[in-house]
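Undergrad: Below you'll find the structure I mean.
Values in this text are rule-based calculations from the coordinates and carry no lab data. This one's a predicted model, so the numbers in the text were calculated from it and none came from an experiment. Neighbour counts run over all protein chains shown; Cβ positions are idealised from the backbone, glycine included.
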Amino acid sequence: MEIFGMPLQAVSGQLVLGLMNGCFYAVLSLGLSLIFGLLNVINFTHGAFFMLGALFAWMGTNYFGLDYWLMLVIAPLAVGAVGVLVERSMLRRLYKLDHLYGLLLTLGVTLILEGLSRSVYGVSGLSYAAPDSLTGVLDLGFMMLPAYRAWVVVGSLAVCGAAWWAIERTQLGALLRAATENPRLVAAFGVDVPRMVSLNYGFGVAIAAFAGVLAAPVMQVSPLMGQSLIITVFAIVVIGGMGSIAGSVLTSLALGVLESLTKLFYPEASATVVFAVMALVLLVRPAGLFGQSK
Amino acid sequence: MTHADMILESKGLTRQFNGFTAVNGIDLRVRRGTIHALIGPNGAGKTTCFNLLTKFLTPTSGHIFFDGREITRAEPAAIARRGVIRSFQISAVFPHLTPVENVAIALQRPLGVSFSFWKSDAVLERLRERALELLDEVGLGAYADVKTVELSYGHKRALEIATTLAMDPVLMLLDEPTQGMGHEDVDRVTALIRKVSDGRTILMVEHNMKMVSSIADTITVLQRGEILAEGDYASVSANPLVKEAYMGTEDESLAH
Amino acid sequence: MHNRFALLVAFAVLAAAPWLGAYPVFLMKLMCFALFATSLNLLLGYVGLLSFGHAAFFGVAAYVAGSALRDRGLPPEVALLVGAGVGAALGFVMGLLAIRRKGIYFAMVTLALAQMIYFFCVQVPFTGGEDGMQGVPRGRLFGALSLDDDLTLYYVVLAVSAVAFAFIGRVIDSPFGRILGALKENEARTVSLGYDVDRLKLLAFVISAACAGLAGAMKTLVLGFATLSDVHWTMSGTVILMTLLGGLGTRYGPAVGAVIVVGLETKLASFGTWLGEVTHIAWFQGLGESVSIVTGVMFVACVLLFRRGIVGEIARLRERRVQTPEHLTGRMMQNDAA
Amino acid sequence: MNRLHIEAPYETGNDAVACEDALHVTGLEAWYGESHILHGVDLRAARGEVVTLLGRNGSGRSTTLKAIMGLTDTRRGSIRIDGRETIGMEPQGVARLGVGYCPEERGIFAGLSCEENLMLPPRLPDARGSPMSLEEIYAMFPNLAERRASQGTRLSGGEQQMLAIARILRTGANMLLLDEISEGLAPVIVQTLARVIRLLKARAFTILLVEQNFRFAAPLADRFYVMEHGRIVDAFESARLAEKKATLQALLNI
Amino acid sequence: AEISDGVVKIGVLTDMSSIFSDIGGKGSLVAAQMAVDDFGGKVLGAPIKVMSADHQNKTDVAATVAREWFDNQQVDMVQDMLPSSVALAVSNVAKEKHRIAIASGAGTTKLSNEACSPYTIQYSYDTYALTTSLVKAMARAGDNSWYFLTVDYALGASLKNDSAAALNAAGGEVLGELKHPMHAADLSSNLLQAQASHAKVIGLANAGAGTVNAIKTAREFGINAPGKQKIAGLQMFISDVHSLGLKSAQGMMLTTPFYWDRDDASRAWSQRFYAKTGRMPTFIQAGVHSSTLHYLNAVQASGTDSSDAVLAQMRKTPVNDFFATNGVIRADGLMVHDMYIAEVKSPEQSKKPWDYYTIKQTISAQDAYAPLSARHCPLVAGKVVAGK
Ligand SMILES: Nc1ncnc2c1ncn2[C@@H]1O[C@H](COP(=O)(O)OP(=O)(O)OP(=O)(O)O)[C@@H](O)[C@H]1O
Ligand SMILES: Nc1ncnc2c1ncn2[C@@H]1O[C@H](COP(=O)(O)OP(=O)(O)OP(=O)(O)O)[C@@H](O)[C@H]1O
Ligand SMILES: [Mg+2]
Ligand SMILES: [Mg+2]
């Protein structure tokens, strides 16, 4: 059984894998949008926090013998804390300024974080084993699906769903969206905006770290693991527009799949396809697929 | 076919916002060289109407004619270049330039040197003088070289009008020009508008009846996106419908 | 005008530098990056557009100029022009796409497009992939003057840079430059004044890209090779750092920034060892391996502590001493007026 | 230093009286970045009083309100609310003391629907004033009811103004700082507003009005302060309005 | 003695802060310094100074530093020079300045072909030797149908082409190739296709993170479970195996010019290196040490530090030490020496830290490297000897 001369096994396998990468993209772009919304900062550090999540997971397991599931909770919390620290100590001073300073600051922080972890752990990376409960391979008949990857998909979609609900459907969400536009005024309504902002940033990077932990067993844990990822995520954010959460999640999944299908049918283009799509979208729908043009 | 003495005309101008009809088949006629005021209760569709006429919104249906030529499909910038200039309800200025520079930017366009990146800016020196004149006209002469952010709300609006004038428009559309101004400023601006109105046509939205009554030749009253009444101040203000819908029953003194 | 005198002095110093024992090749490299940074500043500092993809213009121009010299055997002056041309062309295409998005999106779009070009350069054969395009000859200027001698090349490069800087300065002071300033302030208003904002932006972008291309081509001419690091996004990051460090929207800041950053990249190790020796803090010895960390720290420091950049801060201190008269009189007049 | 003498009962710095005041501002100075805007403002309002700030454009009235809310970049002096010193507080702290602020530029949120905007400000934990119900509010401003689903900034200028006022009426704040609320409103609505203010006054709200529209403010206010160059240059009760007309003429040409 | 400016300066130019810092980097510096110390710190009575610079994997930085070293610091010999882009650029500078460049770090075959230079020695390995040795050996053992995962840039191409040629020569067949971009975080898709091809061997024509990820994923999908397909790393360093861990890497085949645990000499030196760095040496770091000693001996023997004389001496002397056996520097600048086919041990087989390889067989220098006749190095054609 073949599709366009490709073994069905390969194609369907491809789809699932694309879905998985899409999930990483989704969680990352979701975090980016959240942070951008409230802090007006494009968080370049996002990739580094993704890496840090994976690294913390590795450390927790190798130094303290904590197991994967525990680290899936602890690592994001730890990274979230680091995030809050970064926000309190640095980002906080930039809110009145142009976006670009936020981008540059976080770029700087990225270089520092990646540099430090490089000088401690080298560049060739560390391997992190998936929990035994998920090491098996599910035989779906038409394909072999490593159980772990199935879990990645489920886990990250759950996170996205929860985040969406919290922001679009709750009073807290409404406050978030309002503070996005005019924090001073929201404060004048008696809301402790600064705290809201730190927590928001903490949460945003925490889910990045969560994705990092999910990724650890699949990719090699290395200081640069987030770097090339983040730029792709930027492109995705441009395509989807940071307006709607559902939008950015859908875009991410779609592009994940598209990307891995390209790997199958025209590998040479697999690195560039996402960017090509971005260019296309900019031409036909400048505001992005889900963004409302401002 | 449009009337020769009408500088601006709309035919069946309509705009809907997802279902809600903000402007509903308006046939507006602005006679060349007059001051024409649009009044009406809040949400009547005045600003929308404005945005349609200046192409900041595209009509759902209907046609717009400027000087007999249809401009329904033209670009905003193109309209501006033809001499249809608007001022915004929320004041728009270049906050970190000084008022002179603000005005100069507007004065520069007609020179047609906007894209000549090889020329020296010496060509712009002569603009300053004219800019100062305009600032004096709106009473900002003293602030010519302060940073614009530091101007108060009212002063910013005055500056905005000066900028609009700088483009020496054929047709000026002013959305609530006196909003946020102290009475003294209101009077100055009223005088100013009357002054600049000769040789020009002015279409404005205004809630300040005192002002409208004093300068408007024609008044069109909108309500719920439709024309409720039209005519000079006397006839309009006498109109019971208008009283009820807009000016209110109590003595009109509250309206400034 | 903008202290011509200081400029002349600077130019004289540069002209004399090789005789004062400065190392020509290093100086030439500095000039290339100074031009590169200045080209970015034209966009970032004066139009407020953050292009995070300038490495694309720099790098691609470097490759094309390289192959013009090596494979086509074209003379250097042509190669430089080709470089600038390629930069402009690429800038036009990228610009068309990028200006469709505003604010921070613009930065992301340029970054992404540049990344795309990077992957392209990795894959196409003529760049030599990760081995780079090597052994590019310097050729003969106007087919006559051989540039193999470092000094000869030095004065050529100096001349070219001088012209390029003058050009950029002129753009900033031109009527066009004025509108860019307004555009930076309030785009909507600029539109309502009847300006075609997108074309203004695009032109600025193309000019900037052309200068970046020229810088890239010149670098290939000087060093004799072009490699992937010229196209990589970290190069875009580096040039932004140069601009920021020197001072956004200041005329000569970016050049200063370039000198510091390039100096740092090449000298940090020895500097670290020196620090280690004088301070007896062992950690400094390892400074050489921490360039990325140091760069990061510089970014953070610039953004948090002196946002105006070195030149900007100096300028401000000057103003402080001569407390700006307009400011005060402005206040007073206000009071009289009221 | 053109600082007029201010009449007896409102002599500042008399703490015995101050304690009863809902709002008591002394020597308030405020800055926007480098520029010094308020140069020592003194004013006070007793519970249930409507006080109006008059003055030319740029005289610093909006800034006074912002400073009281803690929204200016820097501020000095003393601001007591129900006897509590708030000069060191963050805006949210001030708001929680039951202060509602309606800004000059309205501050409607584009990301929220009309109704979300309306419901946004959290109700104060210990509602001092009597919060208005949604019904009451919609009854007062029918436009809002009609446009409740529409996006906040898509409302017309006037509708936005209504929304901005309505928003702070349901929080349970009992001290309102209102900046140019009659601005851009059709006369009918202005009349409604006048009625609302009387009603609130009756409910013992303390209201600080900044108005250009003297005719609107005049009948409502118990007391007037006149500002110039960031200073209070005159203060008098409504009773003495008639005799002050002349000064005001000169000052504001009304 | 004939030592210019009374000191012999050796510059270690390597990547200490970017993706190559594990295979060269600080380790290379340590190795060079060890060589100098072993030699006694002085040659012909003149002190030997080791300098180092981190080029951050930026070629322009590397070239500028090298120029500056040659012109202002009178550096006599540059060492390491990884990766290829740097080696090629610096090699040109060295040629121009008539100084010695020992590329212990670079594997590109260009360096001793089109781009060969009388002043450049490619010391540790070249990609041709790495790939062909392995392919031939495995093909002979019956693993003769291959499927390649190729990283889509020059290295990938040359790895793949060399091995494909060797495979055909050995009567094997290439069942397919799949290109993937650099920094491909996830190669599972590619592996699935390789698996579907039922080739006996999946050849990884990539390096670093790409290789490592591929192997991990292969393990995850059970592609190279015993009895199924084999995985061959066409360019693998012991640091890669270390970071993978034996659990994932076990059973895979690779070529290496050096293994720390091969004999007493290599063991002895490697343990000293380990004591200093906490890691066992990669073959690049070992190569740096060996070549530095070889250089110093040549200086000693020729009684001068003038490049041409020293180079001649180095070429004359065969290399036999802890690093290389039967080593000879050929006219094209390539130091050919024996290569080893290794299989990665399983966790059970591994008895001590870094006990990773079982050496399966030795490939003699002649078989491992391409014969001079097959080279397009101008120096070979006209048999030009350095300096003359
Ligand atoms: N973009 C939009 N989307 C949806 N509804 C809109 C939009 N713009 C305006 N409306 C609605 O259309 C009606 C007319 O709005 P418009 O701004 O024209 O009123 P107006 O006459 O200017 O009132 P005001 O005097 O208060 O400014 C209002 O009810 C407003 O809510
Ligand atoms: N953001 C700002 N930065 C600097 N100065 C400002 C700023 N906003 C206002 N000012 C200055 O503060 C002074 C008072 O402004 P304010 O808005 O309080 O005046 P106002 O009395 O409210 O007048 P208006 O009726 O125009 O609102 C003005 O002179 C203005 O120049
Ligand atoms: Mg309106
Ligand atoms: Mg005000």
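Undergrad: For segment A:195-294, with equal point scatterers placed on the C-alpha atoms only and solvent neglected, what are the log10 I(q)/I(0) values from the Debye formula at q = 0.25 1/Å, to two decimals?
TA: Results for segment A:195-294 at q = 0.25 Å⁻¹ read -1.34.
Undergrad: Continuing with this model, one more query. Determine the principal axes of the Cα atoms in segment A:2-226, then give the extent along each, sorted from largest to smallest and rounded to whole angstroms.
TA: Each principal axis gives a Cα extent; for segment A:2-226 these are 61, 41, 32 Å.
Undergrad: Once the Cα atoms of helix D:187-202 and of chain D are each reduced to a long axis, what angle between those two axes, in degrees from 0 to 90 to the nearest 10, is obtained?
TA: Approximately 70 degrees, to the nearest 10.
Undergrad: How big is the gap, in Å, between the Cα center of segment E:6-20 and the Cα center of segment C:188-256?
TA: 33 Å
Undergrad: For chain A, modelled as a Gaussian network with Cα springs under 10 Å, which listed residue fluctuates most, A:57, A:271, A:48?
TA: For chain A, modelled as a Gaussian network with Cα springs under 10 Å, the answer is A:271.
Undergrad: What ratio of Cα Rg to 2.2 N^0.38 Å holds for segment B:90-168?
TA: 1.06
Undergrad: Please report, to one decimal in angstroms, the Kirkwood hydrodynamic radius of segment D:46-149 built from all distinct Cα-Cα pairs.
TA: Final number for the Kirkwood radius of segment D:46-149 is 16.1 Å.
Undergrad: Just going by the charge dipole of the protein assembly as shown, with Lys and Arg at +1 and Asp and Glu at -1 on Cβ, which of C:8, C:225, C:166 is farthest out on the positive end?
TA: Result: C:225.
Undergrad: Using only Cα atoms, what Kirkwood radius does segment B:1-75 have, in angstroms?
TA: 12.6 Å is the Kirkwood radius here.
Undergrad: For segment C:20-257, would you read off the P(r) tail past 29 Å as a percentage of all alpha carbon pairs?
TA: Of the Cα pairs, 25 percent sit more than 29 Å apart.
Undergrad: Once phi is turned into ³J(HN,Hα) by the Karplus curve 6.51 cos²θ - 1.76 cosθ + 1.60 with θ = phi - 60°, what whole-Hz value does each residue of segment E:188-195 show in order, with x for glycine and proline?
TA: 4, 4, 4, 5, 4, 5, 4, 4
Undergrad: Might you report the magnitude of the Cβ-based charge dipole of chain E about its Cα centre, with Lys and Arg at +1 and Asp and Glu at -1, to the nearest 20 debye?
TA: In debye, rounded to 20, chain E gives about 480.
Undergrad: R0 = 25 Å: FRET efficiency of residue B:69 with residue B:197, Cβ-based, nearest 0.05?
TA: The value I calculate is 0.65.
Undergrad: What share of all Cα pairs of chain B, in percent, falls into each consecutive 10 Å distance bin?
TA: Bin by bin from 0 Å, the calculated values are 7, 29, 34, 22, 7, 1, 0.
Undergrad: Would you look at the GNM of chain B, springs on alpha carbons closer than 10 Å, and say which of B:95, B:59, B:177 moves the most?
TA: Greatest mean-square fluctuation among the candidates belongs to B:95.
Undergrad: Please give the helix A:68-89 orientation as an angle from the longest Cα principal axis of chain A, in degrees from 0 to 90, rounded to the nearest 10.
TA: Orientation of helix A:68-89: about 30 degrees from the principal axis.
Undergrad: Out of all DSSP beta bridges in the protein assembly as shown, what portion is antiparallel? Express it as a percent rounded to 5.
TA: Here the antiparallel bridges make up roughly 50 percent for the protein assembly as shown.
Undergrad: Same structure, new question: Across bins of 10 angstrom width beginning at 0, how are the C-alpha pair distances of segment E:55-156 distributed, in whole percent?
TA: Per 10 Å bin, starting at 0, the Cα pair percentages come out as 15, 41, 24, 13, 6, 1.
Undergrad: First measure r as the distance between the Cβ atoms of residue A:283 and residue A:98, then evaluate 1/(1 + (r/R0)^6) with R0 = 22 Å and state the FRET efficiency to the nearest 0.05.
TA: In this case the efficiency is close to 0.25.
Undergrad: Can I ask one more? For the ranges C:144-151, C:310-317, A:219-226, what's the packing order if you count other beta-carbon atoms within 10 Å of each residue, average per peptide, and put the highest first?
TA: Ranking, from highest mean packing down: A:219-226, C:310-317, C:144-151.
Undergrad: Using the beta-carbon distance between residue E:271 and residue E:367 and R0 = 41 Å, what value does 1/(1 + (r/R0)^6) give for FRET efficiency, to the nearest 0.05?
TA: 0.85
Undergrad: For each of B:34, E:255, count neighbouring Cβ atoms within 10 Å of the residue's Cβ, then give the residues from fewest to most.
TA: Least crowded to most crowded, the residues run B:34, E:255.
Undergrad: How many times 2.2 N^0.38 Å is the alpha carbon radius of gyration of segment D:8-252?
TA: Taking the Cα Rg and dividing by 2.2 N^0.38 Å, one obtains 0.97.
Undergrad: Shifting gears a bit: To one decimal place, what orientation-averaged projected area in nm² is obtained for the convex hull of the Cα set of segment C:121-259?
TA: With the hull built on Cα positions only, its mean projection is 10.7 nm².
Undergrad: Sorted from fewest to most neighbouring beta carbons within 10 Å, what does the list E:289, B:63, C:232 look like?
TA: Least to most surrounded, the residues fall as B:63, C:232, E:289.
Undergrad: So, one more: Tilt of helix A:227-240 relative to the longest C-alpha principal axis of chain A, in degrees (0 to 90, nearest 10)?
TA: Its long axis makes an angle of about 70 degrees.
Undergrad: Where the Cα atoms of segment A:15-116 are projected onto their three principal axes, how long is each span, largest first, in whole Å?
TA: 43, 36, 23
Undergrad: Expressed as a whole percent, how much of the Cα-Cα distance distribution for the protein assembly as shown exceeds 50 Å?
TA: 43 percent
Undergrad: Something else now. Which of the peptides C:42-48, C:92-98, A:234-240 is most tightly packed, and how do the rest follow, going by the mean number of other Cβ atoms within 10 Å of each residue?
TA: A:234-240, C:42-48, C:92-98
Undergrad: What residue among C:88, C:159, C:68 has the largest mean-square fluctuation in a Gaussian network model of chain C, using Cα springs under 10 Å?
TA: Per the Cα network of chain C with a 10 Å cutoff, C:159 tops the list.
Undergrad: Per residue of D:210-220, what is the mean number of Cβ atoms on other protein chains within 10 angstrom of that residue's Cβ?
TA: Counting other chains' Cβ atoms within 10 Å and averaging over D:210-220 gives 3.
Undergrad: Enter the Cα centre distance for the pair segment E:33-91 and segment D:225-248, rounded to the nearest angstrom.
TA: Cα centroid to Cα centroid, the span is 84 Å.
Undergrad: Sort C:281, B:227, B:7 so the one with the fewest other Cβ atoms within 10 Å of its own Cβ comes first.
TA: Starting with the residue having the fewest Cβ neighbours, the order is C:281, B:227, B:7.
Undergrad: Can you give me the orientation-averaged projected area of the convex hull built on the Cα atoms of chain E, in nm²?
TA: Taking a quarter of the hull surface, the average projection is 17.3 nm².
Undergrad: Then there is this: Over segment C:1-134, what is the relative contact order in whole percent, taking alpha-carbon pairs under 8 Å and six or more residues apart?
TA: 24 percent
Undergrad: What aspartates and glutamates does residue D:245 reach when the alpha-carbon gap must be under 18 Å and sequence neighbours fewer than 8 apart in one chain are set aside?
TA: B:184, D:7, D:211, D:222, D:228, D:234, D:237
Undergrad: What size of dipole, in debye to the nearest 20, comes out for segment B:90-168 about its Cα centre when the only charges are +1 on Lys and Arg C-beta atoms and -1 on Asp and Glu C-beta atoms?
TA: 220 debye
Undergrad: Using a simple spin-label model with points 7 Å from Cα along the Cα→Cβ vector, what separation in nm is obtained for residue A:269 and residue A:69?
TA: 4.5 nm
Undergrad: Which whole-Hz couplings ³J(HN,Hα) result when phi for each residue of segment E:270-284 is put into the Karplus expression 6.51 cos²θ - 1.76 cosθ + 1.60, θ = phi - 60°, listed in order with x for Gly and Pro?
TA: Karplus values, whole Hz, x for Gly and Pro: 4, 5, 4, 4, 4, 4, 7, 10, x, 9, 6, x, 7, 5, 5.
Undergrad: Here's a follow-up. In this model, which of B:210/D:244; C:267/E:58; E:160/E:200; B:46/B:195 are farther than 21 Å apart at the alpha-carbon?
TA: B:210/D:244; B:46/B:195
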